[in-house]
Amino acid sequence: MDILRGQRVVSYLLSKLSGAGIATLLFILFLFMNTGFDMYKIVEDVFQLKLLHFFYLYGIASSFVIDLFARLIPRIGKLGKVLLYIIAGFAIFMVHGFNAYTIIAGIVGALSALVFYGGTQWLKLKSPVKYAFSIAFPLLLVVVLNIDFTVKNGWSDKTTSTSFEANFTYFNGKHEIPVVVREGEKLSYAVEITNVNGGGYGYSLIDDNGDNLGGRENNNGRLKYSVTIKKTAEYRFVVKGDGLQGAIKVEWALE
């Protein structure tokens with residue numbers, strides 16, 4: 001009996017992981033087509049949209065709660081569970097208020113929740129496919145998300161103690177410039193982007209946790225920022241290119 005119970009628990013958990021895996025895979029395939037097969041952009045979107053949090057944490061936790069409701073209230077049935085999944089997928093976005101953005105996000109969330117539920121039901125069947133989605137896919141995802149898909153062509157750069165310059169014929173991805181700053185110091189910096197072909201670009205200053213520090217903008221003939229550092233650590237300037245050709249120049253000073 002204990003072995004049978006253990007097999008049921010394992011099968012139940014695999015069904016949840018499978019549902020999360022299928023939903024995540026379909027969403028990534030959508031991103032894949034929507035970004036023009038840009039692997040760097042896909043990885044960035046997965047982190048920015050917090051897809052793994054949505055499907056693997058919130059999705060699985062919500063599924064557990066819905067199953068508990070169905071167990072306590074047998075009248076709910078499959079149609080009731082479908083409705084609960086739709087509500088769960090929609091409701092998480094309502095914490096940000098009720099507007100056009102959250103409604104669209106809620107609809108996408110509801111559809112994703114239905115895919116999640118469909119995946120848990122389909123893979124309750126005794127099929128080796130469930131192991132692919134519940135075990136192999138998450139492991140593959142972890143590997144892929146830790147690969148830097150940045151592409152640099154014709155890249156040449158020069159770094160000093162207070163500056164960084166790079167020229168390139170093609171830049172798609174990101175480049176990080178580390179700088180150690182002590183507590184209480186004010187870090188001032190300026191960024192210049194030469195855009196030859198009209199590609200996209202962006203830049204930011206992040207701390208050792210990956211959080212964007214922003215900074216106050218000073219306009220003294222050119223774009224300049226400054227931020228007072230609260231903790232001694234290695235900070236990073238992050239410059240990004242989206243099919244960009246041209247040059248990047250970053251200068252900084254500590255006071």
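What follows is calculated from the coordinates using simple rules that are stated; it is not laboratory data. From a predicted model like this one, the values you see are computed outputs, not experimental measurements. So basically every Cβ, Gly included, is an ideal-geometry build from the backbone, and we count neighbours across all protein chains shown.
Annotations
- With a cut-off of 19 Å on the backbone N, the residues of the range 55-91 near the modelled label site 7 Å out from Leu29 along Cα-Cβ are 55-56.
- With R₀ set to 22 Å, the beta-carbon distance separating Ile87 from Leu57 gives a calculated FRET efficiency near 0.80.
- Answer label, with Rg and Dmax of the Cα atoms in Å calculated from the coordinates and candidates (i) 23.5, 78; (ii) 16.9, 49; (iii) 23.0, 86: (i)
- Legend: residue pairs Lys41/Lys174; Lys174/Lys231; Lys158/Lys249; Lys152/Lys240; Lys16/Lys81, Cα-Cα distance threshold 18 Å; pairs beyond threshold, Lys174/Lys231.
- Per residue Cα convex hull volume in Å³ - calculated over the range 119-171: 125
- Relative to the longest principal axis of the Cα atoms of the chain, the long axis of helix 60-72 makes an angle of roughly 20 degrees.
- Gain upon complete extension [Ala70, Leu139; 0.36 nm per residue less C-alpha separation]: 21.7 nm
- Rg then Dmax, both in Å and based on the Cα atoms of the range 71-113: 12.0, 36.
- Among 72-80, 191-199, the order from most to least packed when residues are scored by Cβ within 10 Å on average: 191-199, 72-80
- Helix 100-122 axis versus longest C-alpha principal axis of the chain: approximately 50°, rounded to the nearest ten.
- Sequence-distant contacts, meaning Cα pairs under 8 Å at least 6 residues apart, place the relative contact order of the range 1-159 at 36 percent.
- Relative to the current alpha-carbon distance between Ala132 and Asp148, full extension at 0.36 nm per residue lengthens the span by 3.3 nm.
- Helix 2-34 and the longest principal axis of the Cα set of the chain meet at an angle near 40°.
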